[in-house]
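The values are calculated or read from the model by the stated rules, or taken from the named source; none is laboratory data. On a predicted model such as this, the values are computed, not experimentally measured, just so you know. Don't worry about glycine lacking a Cβ; one is built from the backbone with ideal geometry, like all the others, and counts go over all protein chains shown.
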Amino acid sequence: MGTWDIGPFDNDTAADFSYTVDEAPEEQRAGVLLTAFHEVTGVGDEYLDADQAVEAVAAAALVAAQCPGGDPVTTSYAPKQPIPPLPAALRPAAVEALDRILTEPSELLELWEESDGAEWKAGMLRLRAVLAAAGAA
């Protein structure tokens with residue numbers, strides 16, 4: 001996986017995921033995001049592959065961008081097509097996916113812990129906090 005920074009779209013897999021989101025018909029984009037969350041949470045306690053985790057992180061960033069306090073997704077590696085208003089039901093699914101990504105065994109977590117991943121982890125926790133707060137509202 002080519003990674004150039006700590007943001008949700010700062011790697012090859014997330015950029016490819018953006019293309020997948022763009023290629024989906026507008027009315028199916030929420031389903032693409034939900035699928036990314038389910039692929040992460042569906043592994044249970046088994047080893048979580050980094051590529052699955054990266055896609056769920058990117059999906060979570062898109063959901064959080066529509067939440068109060070969420071950061072807009074402005075990188076050129078994000079989807080080019082507008083994301084329609086997303087159902088609030090995606091917020092708890094995103095939180096659950098982030099919780100799984102941040103729990104062992106998770107390849108993405110391991111990769112960041114092997115490097116200087118404190119800033120990445122802090123970003124994931126901020127993203128989770130925005131989603132959790134919006135999900136409770």
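Of the residues making up segment 20-54, those that are without any contact (Cβ under 8 Å) to a residue 12 or more places away in the chain and either part of a helix (DSSP H, G or I) or more than 15 Å from Ala78 (Cα to Cα) (or both) are Glu23, Pro25, Gln28, Gly31, Thr35, Gly42, Gly44. Of note, Asp10 satisfies the criterion of being touching a strand residue (DSSP E or B) at 6+ places or on another chain (Cβ under 8 Å), touching a residue at least 24 places away in the same chain (Cβ under 8 Å) and acidic (Asp, Glu). Entry remark, segment 1-19: residues being of a type in the set (Gly, Ala, Ser), over 16 Å from Val73 (Cα atoms) and surrounded by 17 or more Cβ atoms within 10 Å (Cβ to Cβ) number 0 in total. Of the numbered criteria (1) within 12 Å of the chain's Cα centre (by Cα); (2) more than 24 Å from Ala134 (Cβ to Cβ); (3) assigned to a loop (DSSP other than H, G, I, E, B), the one Gly7 fails is (2).
Taking Thr74 as meeting all but one of (1) in contact with an Asp or Glu (Cβ under 7 Å, 6 or more places away or on another chain); (2) surrounded by fewer than 15 Cβ atoms within 10 Å (Cβ to Cβ), write down the number of the exception. Answer for Thr74: the failing condition is (1).
Scanning segment 100-124 for residues that are loosely packed, with under 14 Cβ neighbours inside 10 Å and closer than 12 Å to Ala60 by Cα yields a count of 0. Of the listed requirements (1) part of a loop (DSSP other than H, G, I, E, B); (2) among the β-branched types (Val, Ile, Thr); (3) crowded, with 21+ Cβ neighbours inside 10 Å, Val57 misses just one: (1). Among the residues making up segment 70-99, those that are outside any loop (DSSP other than H, G, I, E, B) and either modelled with pLDDT under 95 or more than 20 Å from Thr3 (Cβ to Cβ) (or both) are Leu90, Arg91, Pro92, Ala93, Ala94, Val95, Glu96, Asp99. Of all positions in segment 107-114, none carries a residue that is at pLDDT 95 or above, more than 12 Å from the chain's Cα centre (by Cα) and part of a loop (DSSP other than H, G, I, E, B).
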